[in-house]
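See structure below.
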Amino acid sequence: MAGLTSLPTRLRRLKRSCAQRAPALIGIGLFCLAWQLIGSYRLAGLTWPPLSVVIGYLVDPDHHRLLTRAASTTLRAVALGYLIGAGIGLFLALAVRLFRPARAGIDTFVALIHVTPAIALAPVFMILMHRDAIPVAICALAVTYLIYVAATSGLDGAKRHHIDLFAVMGARPWQRFWLLERPTALPAIASGLKLAIPVAFMGTIVGEWFGAARGLGLLMVSGMQNFQIPMLWAAVLLTTLTSLVLYALMGLVERAVERRFA
Amino acid sequence: MNRLVPFLSRYWAVLLLVVVWHAWVTLGDLNSIVLPAPLPVLADVVTHPALYLTNAAQTMATALAGVAIGVLLGAFVAILAWASRLLAGLLTPLGLIFSSVPIVALIPILARVLGYDISTVVAIVAVSAFFPTFVFTGAGLRDLPRATDDLFKVLGATPWGRLRHLVLPATVPNVMISLRLTVPEGVLAAILAEFLMGRSGLGFMFREAASRFAMERALGTSLVVTLAAVLFFTLAHRAERAVKARWS
């Protein structure tokens, strides 16, 4: 089909998409410029380095070993915690779907875990597990909440008249689940999985602050305490950029699922 | 009995957790340095009311101030972005980016740039509340039916009149939802900031207790933190419902 659209139409489309993206790019550009200028004129003191210094720190080969080691530790914890959390969240959502009387109790429990600041659970984890596992545990817990809420609300999302139709046609419960509730829930679960990305990073970083041996969170804290300013900013920039890229990728997955099922 | 069943059906999982905890300590015959039972933890809170209360009051006051500042600023900037397409174009992408990064990662930077101070904790909480509020309230304003705005213009409403009678009423319910959404993260940000900077508040109590393995104190602090967070969240939820009933 793309070959059939005339050149002027395509040019117009290109122009429109540029016009839509331009303010965003200008906004981000101004942000980077402000970061650079505040840093180079020391408007916020010595602890605010120019953007170029932070990028210089990230690309300097001398720091590659330190950064890759920290980043791979953190990423492994994020991945593990994310998978465990998503698994538990989905499992709980399916369990309360199968056994409805348990729903209210699990809802309260999960909401309580969400409202409890992650750090309040840290002493419990310190007792239960090795300190290197704490980031994974806090990450998993935070992800569990989001996925549970997304999956339960997604499973509840089937329209009344569809449910009635299935009942009238004499569908078995598992048929209703597989053919109606599963497809309705998938878009909600996909957007839950997207929103869980920054949450997973947050949980892991907080867990690392609680005494992990290595990781980006540890670099942040030691950079903060020892005035290693470029390292502090580089660790934060690396964390946020990685989280953003993964978030954007999950956004693509979310859109694909939505196109297929919604 | 009539009240017990709904109570149990809502809280059975929480109660089960406490029972398992208690059983585990008693049956496992654990040392209180490893894991104290629920009762001694509660006893530590009850027998040191002043210590817990002053620190909790400080943490909650800083968290409340920070969330209030962040939410109000976020709503204010969202209204500015509603009024100016240029600002909307420049700020919305930045807002989206910042509301989808793990904002707690900024705590060490803010602590270093602003200094180890209680006002820094307020600023950190405000930053964590600002971006989600800006994005959420802004989306609410963009969803205003075009026709209402046109009607206001046709009837000759001044920009101020449109702001007063159209935009503000539409903003208030969204602000209340933002408040509920940002309160848990605000409390977390406040406690993390206190934990990292280590001056005062529940976050500091926590760090101090954990470092000398005073598990009763550490878990007591967890309990108080959780209670305070639940209280905050419930209040925000109530306020949201009250405002919703009044404004729509």
The stretch B:101-120 - residue that is surrounded by fewer than 22 Cβ atoms within 10 Å (Cβ to Cβ) and facing another protein chain (nearest Cβ under 7 Å) and, of those, farthest from the chain's Cα centre (by Cα): B:Val113
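Within the group A:Val199, A:Val253, A:Val206, A:Val221, which residue is more than 22 Å from A:Ile134 (Cα to Cα), out of contact with any strand residue (DSSP E or B) (no Cβ under 8 Å at 6 or more places or on another chain) and assigned by TED's automatic domain parsing to the domain that holds A:Ala185? Reasoning before the result, please.
On the way: A:Val199 fails: more than 22 Å from A:Ile134 (Cα to Cα); A:Val206 fails: more than 22 Å from A:Ile134 (Cα to Cα); A:Val221 fails: more than 22 Å from A:Ile134 (Cα to Cα).
A:Val253 is the lone residue from the list that is more than 22 Å from A:Ile134 (Cα to Cα), out of contact with any strand residue (DSSP E or B) (no Cβ under 8 Å at 6 or more places or on another chain) and assigned by TED's automatic domain parsing to the domain that holds A:Ala185.
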Test set (1) more than 13 Å from chain A (Cβ to nearest Cβ); (2) within 29 Å of B:Phe195 (Cα to Cα); (3) not in a helix (DSSP H, G or I) - B:Leu35 fails condition number: (1)
One residue from A:Arg103, A:Arg176 being within 14 Å of chain B (Cβ to nearest Cβ) and either surrounded by fewer than 19 Cβ atoms within 10 Å (Cβ to Cβ) or not in a helix (DSSP H, G or I) (or both): A:Arg103
Residues of the stretch A:29-47 that turn out to be at the interface with another protein chain (Cβ under 10 Å from one of its Cβ atoms) and under 27 Å from the mean Cα position of the chain (by Cα), as a count: 3
Residues (crowded, with 19+ Cβ neighbours inside 10 Å and within 15 Å of A:Val199 (Cα to Cα)) located in the stretch A:76-100: A:Ala77, A:Val78, A:Gly81, A:Tyr82, A:Gly85, A:Ala86, A:Gly89
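Would you check if A:Gly157 is of a type in the set (Gly, Ala, Ser) and away from chain B (no Cβ under 14 Å)? Walk me through how you get there before you give the answer.
On the way: of a type in the set (Gly, Ala, Ser): yes; away from chain B (no Cβ under 14 Å): yes.
Considered against the rule, which asks whether it is of a type in the set (Gly, Ala, Ser) and away from chain B (no Cβ under 14 Å), A:Gly157 comes out as yes.
Given the condition surrounded by 12 or more Cβ atoms within 10 Å (Cβ to Cβ) and assigned to a loop (DSSP other than H, G, I, E, B), answer yes or no: does some residue in the stretch B:45-66 qualify? Give the derivation first.
From the stretch B:45-66, those surrounded by 12 or more Cβ atoms within 10 Å (Cβ to Cβ) are B:45, B:48, B:51-66; that's our starting set.
If we keep only those that are assigned to a loop (DSSP other than H, G, I, E, B) too, we end up with B:48.
Yes, that holds for at least one residue.
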Single residue of A:Arg69, A:Arg65 found to be touching a residue at least 40 places away in the same chain (Cβ under 8 Å) and surrounded by fewer than 17 Cβ atoms within 10 Å (Cβ to Cβ): A:Arg69
Filter result for the condition that a residue is touching a Gly at 6+ places or on another chain (Cβ under 7 Å), within 11 Å of chain A (Cβ to nearest Cβ) and among the basic types (Lys, Arg), over B:Arg207, B:Arg217: B:Arg207
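If we only count helices (runs of 4 or more DSSP H) wholly inside the stretch B:100-192, which ones have 3 or more residues that are in contact (Cβ under 8 Å) with a residue 60 or more places away in the chain?
Values: elements: B:107-114, B:118-142, B:146-154, B:159-162.
In the stretch B:100-192, the matching helices (runs of 4 or more DSSP H) lie at B:107-114, B:118-142.
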Scan of the stretch B:159-173 for residues that are surrounded by fewer than 22 Cβ atoms within 10 Å (Cβ to Cβ) and not hydrophobic (A, V, I, L, M, F, W, C), ordered by number: B:Pro159, B:Gly161, B:Arg162, B:Arg164, B:His165, B:Pro169, B:Pro173
Those residues of the stretch A:212-231 which are at the interface with chain B (Cβ under 9 Å from one of its Cβ atoms) and either touching a residue at least 40 places away in the same chain (Cβ under 8 Å) or not in a helix (DSSP H, G or I) (or both), in sequence order: A:Leu216, A:Gly217, A:Phe227, A:Ile229
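The values are calculated or read from the model by the stated rules, or taken from the named source; none is laboratory data. Just so it is clear, the model here is predicted, and its values are computed rather than measured. Because the Cβ atoms are built from the backbone with ideal geometry, glycine has one as well, and the counts that use them run over all protein chains shown.
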